[in-house]
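Engineer: Next up is a structure, given as structure tokens.
The values are calculated or read from the model by the stated rules, or taken from the named source; none is laboratory data. Please read these numbers as outputs of a predicted model, since none were measured by experiment. With ideal geometry, Cβ positions are generated from the backbone for all residues, glycine too; neighbour counts draw on all protein chains shown. SASA here: full protein model, heavy atoms, side chains in, ligands and nucleic acids out. Shrake-Rupley method; radii C 1.70, N 1.55, O 1.52, S 1.80 Å.
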Amino acid sequence: MQSVHIPRNSDNPDKPEVNFDAETGVCEIKGESYMESTYTFYLPLMNWLDEYIRTVGDKIRLDVKLLYFNTSATKCLLDMFEILKRYQDQGGEVEVNWYYDEEDPDMIHEVEDFETESGLEINIKEY
């Protein structure tokens, strides 16, 4: 299984940086996410999570450090959380950490909404 690395690109600042490590199970999404083709961007990440669960079946940690995301990114993130929740319900070990900027306390409410919708516990951490 291959790791995924999508660097932050100044030509496309609307796409987040992504690091999904197949060896450690540590996955990170950071930056901003407001591109028009959101589902096209996130679908391979959802597929990667599904494949990791099927083939590796080890602990997954997802660290989210998004400063801004649009409505379509919200839907894709929720889809990812639902994949992780299903894995957790099947006995898989899952940890989700959401890092927010202390100057944006409204982000806490967004994350709490993700928790409610997905049923997945999300650790909210200030950075």
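Engineer: With the checklist (1) in contact (Cβ under 8 Å) with a residue 40 or more places away in the chain; (2) in a helix (DSSP H, G or I); (3) touching a strand residue (DSSP E or B) at 6+ places or on another chain (Cβ under 8 Å); (4) of a type in the set (A, V, I, L, M) in hand, flag the one item residue 80 doesn't pass.
Structural biologist: Condition not satisfied by residue 80: (1).
Engineer: Between a residue in segment 40-63 that is under 28 Å from residue 14 (Cα atoms) and open to solvent by less than 60 Å² (accessible area, probe 1.4 Å) and any residue that is among the acidic types (Asp, Glu) and outside any helix (DSSP H, G or I), which pairs come within a Cβ distance under 9 Å, given they are 6 or more apart or on different chains?
Structural biologist: Note: pairs meeting the criteria are 52/58; 60/93; 60/95; 62/28; 62/95; 63/28; 63/95.
Engineer: Does segment 24-38 contain at least one residue that is touching a residue at least 12 places away in the same chain (Cβ under 8 Å), open to solvent by less than 70 Å² (accessible area, probe 1.4 Å) and hydroxyl-bearing (Ser, Thr, Tyr)?
Structural biologist: Yes, segment 24-38 contains at least one residue that is touching a residue at least 12 places away in the same chain (Cβ under 8 Å), open to solvent by less than 70 Å² (accessible area, probe 1.4 Å) and hydroxyl-bearing (Ser, Thr, Tyr).
Engineer: Sticking with this one: Take the residues in segment 50-79 that are more than 22 Å from residue 108 (Cα to Cα) and of a type in the set (Ser, Thr, Tyr), then tell me which one is nearest to the chain's Cα centre (by Cα).
Structural biologist: Per the stated criteria, the residue is 52.
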